[in-house]
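J.: Dumping the structure here so I can ask a few things about it.
The values are calculated or read from the model by the stated rules, or taken from the named source; none is laboratory data. These numbers come from a predicted model, not from an experiment. When we count neighbours, we look across all protein chains shown, and the Cβ atoms used for this are built from the backbone with ideal geometry, even at glycine.
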C-alpha cells in the first residue's frame with residue numbers, strides 16, 4: 001500500500017532496504033531522493049513515445065503499450081540489478097506522482113514475493129517536503145558563520161572542524177562551486193532542485209540543539225541560489241571573523257587553487273571577465289603575473305585589486321553580529337589545525 005510521510009525526516013528514516021526510483025533516467029538525473037537507485041519503468045525514449053500516444057491517439061492504447069514496455073524493463077531489472085536480492089528484501093518504490101509506473105513495478109515485485117511499498121504522491125510528495133523545509137518555515141538551527149577575507153581557508157577549516165566534532169555544512173561542496181569567479185564551471189553544478197534535495201536532506205540529519213557552522217556566502221553560489229529559509233538564518237547569524245596576513249592568504253590560495261593554476265588558458269579567460277569591473281590596466285597586470293608564472297604575486301594582486309575591496313564594501317553595507325575575531329600568523333596545514341581548534345573552542349563556548 002502507498003506510504004505517506006509527514007516530514008522529510010520521516011521519509012529519510014523509511015526503514016526499507018532500498019528506495020527505487022522508477023522514473024526515466026532523465027527525470028532521475030534532474031533530481032531524486034538521495035540514496036535512491038534508478039530502475040526505470042520506461043526509458044527516456046519510451047516515456048516520450050507513450051506520452052505522445054496518450055495525447056495523440058488514445059489513453060487506452062498508451063496504457064497497453066506502456067504496460068508491455070514496463071513488463072519487459074522490469075524483467076531486465078530482475079535478471080540484472082535485482083538478481084542478488086533474497087526473499088526478505090523490502091523495497092520502497094516511487095515514480096513522478098505515485099501512480100501507474102510505481103504501481104506497476106510494485107505489483108510485479110510483490111508477485112515475486114518481496115514486501116514492496118510505494119510512496120504516496122511519489123516524487124512530487126517528496127519535493128513538497130523539501131520545499132516546505134527550505135521555503136515555508138524558519139529553520140531551527142543556531143547558525144554561526146565563518147567569515148573573513150578571501151584566502152583565509154574557510155572551507156578547509158570547516159572540514160577540520162568536522163573532524164573535531166563540530167556540526168558544519170559545506171554549502172560550496174553541495175553546490176559544486178567554490179563561490180567566486182575562479183571557483184568552478186557553473187555547467188558542472190547540480191541543478192537547483194538537486195542542490196536543494198541534497199541540502200534539505202543534510203539539514204534534516206543535523207541536530208538543532210547544537211550550533212551549525214557554515215561559511216559566509218552571498219545568496220548565490222555559482223548559479224545555485226541559497227533557499228530563503230537558510231538564507232534568512234545566515235543573515236541573522238553571528239560570525240567568527242578570521243584574519244591572516246596577505247602573504248599567508250596568497251600562499252594558501254596557490255595551494256587551494258592548484259587545479260585552476262594548472263589550466264592557465266582557462267584561468268586567463270576567467271580573469272578577462274573582470275575587465276569590465278576592474279579596468280584593462282589592472283587585468284593586464286594580472287595577465288603578466290600569470291604569464292611569468294608568479295602565482296603568489298597573482299594571488300596577492302587579485303586580493304588587493306578585487307576580492308578585498310569587494311569584501312570590505314559588502315561588510316560596510318551591513319553590520320553583522322561578531323561572536324569572535326581570530327587572527328592567524330600563517331595558514332600552513334599545522335597552523336590550520338591549531339586555528340580549527342581555536343574556532344571549535346569558540347563554537348562550543350557559544351553553546
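J.: Hey, can you tell me all the residues within the range 25-39 that are crowded, with 17+ Cβ neighbours inside 10 Å, out of contact with any helix residue (DSSP H, G or I) (no Cβ under 6 Å at 6 or more places or on another chain) and assigned to a loop (DSSP other than H, G, I, E, B)?
T.: So the first thing to find is which residues in the range 25-39 are crowded, with 17+ Cβ neighbours inside 10 Å, and the list is 27-28, 31-33, 36, 39.
With out of contact with any helix residue (DSSP H, G or I) (no Cβ under 6 Å at 6 or more places or on another chain) added as a condition, the list becomes 27-28, 32, 36.
Passing the criteria: 32, 36.
J.: So which residues in the range 76-108 are within 24 Å of residue 65 (Cα to Cα) and without any contact (Cβ under 8 Å) to a residue 24 or more places away in the chain?
T.: 76, 79, 80, 99, 103, 106, 107
J.: Among the candidates 50, 22, 57, single out the residue that is crowded, with 18+ Cβ neighbours inside 10 Å and without any contact (Cβ under 8 Å) to a residue 40 or more places away in the chain.
T.: On the way: 22 fails: without any contact (Cβ under 8 Å) to a residue 40 or more places away in the chain; 57 fails: crowded, with 18+ Cβ neighbours inside 10 Å.
It is 50.
Conditions tested, residue by residue: (1) modelled with pLDDT of 95 or more; (2) surrounded by fewer than 20 Cβ atoms within 10 Å (Cβ to Cβ); (3) touching a strand residue (DSSP E or B) at 6+ places or on another chain (Cβ under 6 Å); (4) not assigned by TED's automatic domain parsing to the domain that holds residue 72.
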position: 112; (1), (2), (3), (4): yes, yes, no, no
position: 116; (1), (2), (3), (4): yes, no, yes, no
position: 119; (1), (2), (3), (4): yes, no, yes, no
position: 148; (1), (2), (3), (4): yes, no, yes, yes
position: 151; (1), (2), (3), (4): yes, no, no, yes
position: 164; (1), (2), (3), (4): yes, yes, no, yes
position: 170; (1), (2), (3), (4): yes, yes, no, yes
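J.: Of all residues in the range 272-306, which are touching a residue at least 40 places away in the same chain (Cβ under 8 Å) and within 16 Å of residue 185 (Cβ to Cβ)?
T.: Passing the criteria: only 273.
J.: I've got another one for you. Tell me yes or no: at least one residue of the range 184-200 is at pLDDT below 95, buried (at least 18 other Cβ atoms within 10 Å of the Cβ) and over 12 Å from the mean Cα position of the chain (by Cα).
T.: yes
J.: Please specify each residue of the range 121-130 satisfying the condition of being in contact (Cβ under 8 Å) with a residue 40 or more places away in the chain and touching a helix residue (DSSP H, G or I) at 6+ places or on another chain (Cβ under 8 Å).
T.: 121, 123, 126, 127, 129, 130
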